[in-house]
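For reference, the structure discussed in these notes is given below.
The values are calculated or read from the model by the stated rules, or taken from the named source; none is laboratory data. If you're wondering where the values come from, they're calculated on a predicted model, not measured in any experiment. Because the Cβ atoms are built from the backbone with ideal geometry, glycine has one as well, and the counts that use them run over all protein chains shown.
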Amino acid sequence: MPHESRIEAGIEIIPLCDAVGPMGAAIRKPLPEMFRGASFPADAEWVLHFHCYLLLAAGRTILVDTGVGGADSPAASWAPVPGRLVAEMAAAGVKPADVDAVVITHLHSDHAGGCVAGGAPVFANARHLIQRAELDWVSRPMREQVVAPLGDRVEAVSGDVEPFPGVRLLHTPGHTPGHQCVAVGDLVLSGDVLHHPVQLDDPTITYVYDEDPAEAVRSRKAVLSRARVLATAHFAEPFTSLSS
Ligand SMILES: [Zn+2]
């Protein structure tokens, strides 16, 4: 059952559920540390959802994040591959070749793993917008297996930019140096600025895989103060309304 889309500032935002799975043993371990002081039992199961989003904006088709990828993805060591992104897009009537632009929130394997399949770009006609700081930082496996095959489809951006009318990219460093969110009106597609709903109540709760925890907290607070609605990557429900 597909999630319902919504329209903000004239732009349709369609959630795509790429994958769902329990956090694997390797990354489950840090849970008690992540939620120290929070009302989430350390032994509770944490089921991770992997959402991507399509934006239909004035005739343009923009994809935000590409999910975990296929069996050959760098995410295969820990995430529930293969992702079903392309099938989810088909259900929304969009083919990979229709995508004009891909925005990558950051170069972790569960967000960029679906850019490439069998060594070839999946969204062959799309520019791939990635922060310059992220490209300078990216891990070697992701550089070799994801960024390199994209070739000149990669378009580096720096800071806050508006590549399409009404679609703003916000540089939100901390989880990674070049992490970016996407703002459509006061809806923010928040990538990995948040990992779990407990961080809505206490944005100072950090995740052990935040590269710079203090900066991640600053970015999380900034996003929460500007957004009326979040479209998250990893919560169970794609959209979260924030009370003001
Ligand atoms: Zn993630």
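Points worth noting:
- Considering (1) closer than 16 Å to His111 by Cβ; (2) within 15 Å of the ligand (Cβ to nearest atom), the lone condition that Leu169 does not fulfil carries the number (2).
- Among the conditions (1) touching a residue at least 12 places away in the same chain (Cβ under 8 Å); (2) over 17 Å from Cys181 (Cα atoms), the only one that Ala112 does not satisfy is (2).
- Test result for Ser139, surrounded by fewer than 17 Cβ atoms within 10 Å (Cβ to Cβ), within 16 Å of the ligand (Cβ to nearest atom) and under 23 Å from Ala75 (Cα atoms): yes
- Residues of the range 72-122 classified as under 24 Å from Glu12 (Cβ atoms) and among the acidic types (Asp, Glu), total: 3
- For the range 90-113, the candidate set comprises residues that are surrounded by 18 or more Cβ atoms within 10 Å (Cβ to Cβ) and more than 23 Å from Arg168 (Cβ to Cβ); within that set, the residue that is farthest from the ligand (Cβ to nearest atom) is Pro96.
- Matching residues, the range 167-189, being assigned to a loop (DSSP other than H, G, I, E, B) and within 13 Å of the chain's Cα centre (by Cα): Thr172, His175, Thr176, Gly178, His179
- You will find that of Ala214, Ala222, Ala233, Ala183, the residue that is in contact with a helix residue (DSSP H, G or I) (Cβ under 8 Å, 6 or more places away or on another chain), closer than 27 Å to Asp136 by Cβ and away from the ligand (no atom under 16 Å from the Cβ) is Ala183 and no other.
- Of everything listed in (1) within 21 Å of Ala236 (Cα to Cα); (2) surrounded by 24 or more Cβ atoms within 10 Å (Cβ to Cβ); (3) of a type in the set (Ser, Thr, Tyr), the single unmet condition for Ser73 is (1).
- Residues in the range 213-244 that are part of a strand (DSSP E or B) and touching a residue at least 60 places away in the same chain (Cβ under 8 Å): Val229, Ala231, Thr232, Phe239.
- Pairs linking a residue in the range 146-163 that is closer than 13 Å to Cys181 by Cα to a residue that is part of a helix (DSSP H, G or I), with Cβ atoms under 6 Å and 6 or more positions apart or on different chains, are Ser158/Arg132.
- Restricting the range 186-211 to residues that are among the β-branched types (Val, Ile, Thr) and under 20 Å from Leu54 (Cα atoms), the residue that is nearest to the ligand (Cβ to nearest atom): Val193
- Here the range 63-109 is the region considered, the condition is being modelled with pLDDT of 95 or more and of a type in the set (D, E, K, R), and the residue that is farthest from Val147 (Cα to Cα) is Glu88.
- With respect to being modelled with pLDDT under 95 and touching a strand residue (DSSP E or B) at 6+ places or on another chain (Cβ under 8 Å), Pro41 falls outside the description.
- Flag for Thr240 being surrounded by 22 or more Cβ atoms within 10 Å (Cβ to Cβ), in contact with a helix residue (DSSP H, G or I) (Cβ under 8 Å, 6 or more places away or on another chain) and not charged (D, E, K, R): no
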